[in-house]
């Protein structure tokens with residue numbers, strides 16, 4: 001069994017734990033709630049939580065169902081519940097997940113053509129060198 005606090009240091013694991021805190025969820029449902037990462041990445045995070053004894057795993061056919069073990073967290077679980085109830089937590093976890101994301105960002109421009117000639121301010125005129133004149137005297 002792994003120590004609890006290092007396992008909870010990952011914002012993804014914290015979010016997975018929150019998603020299965022009140023009800024048992026299958027791995028596919030948990031992945032659907034976190035579409036910015038692969039199913040394999042979700043699976044690795046779930047394994048880390050299970051290895052630490054923070055979740056129980058039930059196998060039914062080819063599906064795995066996960067449930068948080070609240071008693072394994074003790075007072076840390078109560079603190080997590082308090083944090084999860086605030087809007088600031090949702091903002092924090094969103095920012096941390098975005099920061100930890102690897103690969104291309106959703107909605108990011110693809111290729112040089114999408115950004116060619118783009119100016120930081122659409123209202124600013126473009127010079128021949130491609131630089132904006134806005135803010136110059």
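The values are calculated or read from the model by the stated rules, or taken from the named source; none is laboratory data. Please read all numbers here as calculations on a predicted model, not as lab measurements. With ideal geometry, Cβ positions are generated from the backbone for all residues, glycine too; neighbour counts draw on all protein chains shown.
In region 52-64, the qualifying residues are those that are touching a residue at least 12 places away in the same chain (Cβ under 8 Å) and surrounded by fewer than 16 Cβ atoms within 10 Å (Cβ to Cβ), and the one that is farthest from residue 14 (Cα to Cα) is 63. Of the helices (runs of 4 or more DSSP H) lying entirely inside region 15-104, those containing at least 2 residues that are closer than 20 Å to residue 4 by Cα and at pLDDT 85 or above span 39-51, 70-73, 75-84. Scanning region 25-37 for residues that are under 21 Å from residue 90 (Cα atoms) and surrounded by fewer than 17 Cβ atoms within 10 Å (Cβ to Cβ) yields a count of 5.
So how many residues does region 65-74 have that are free of Cβ contacts under 8 Å to residues at least 40 places away in the same chain and surrounded by 14 or more Cβ atoms within 10 Å (Cβ to Cβ)? Summing the residues that are free of Cβ contacts under 8 Å to residues at least 40 places away in the same chain and surrounded by 14 or more Cβ atoms within 10 Å (Cβ to Cβ) in region 65-74 gives 1.
State all residues of region 1-11 that are assigned to a loop (DSSP other than H, G, I, E, B) and free of Cβ contacts under 8 Å to residues at least 24 places away in the same chain; if no residue qualifies, say none.
9
In a residue-by-residue description of region 12-20, the property of being closer than 23 Å to residue 73 by Cα and free of Cβ contacts under 8 Å to residues at least 12 places away in the same chain applies to no position.
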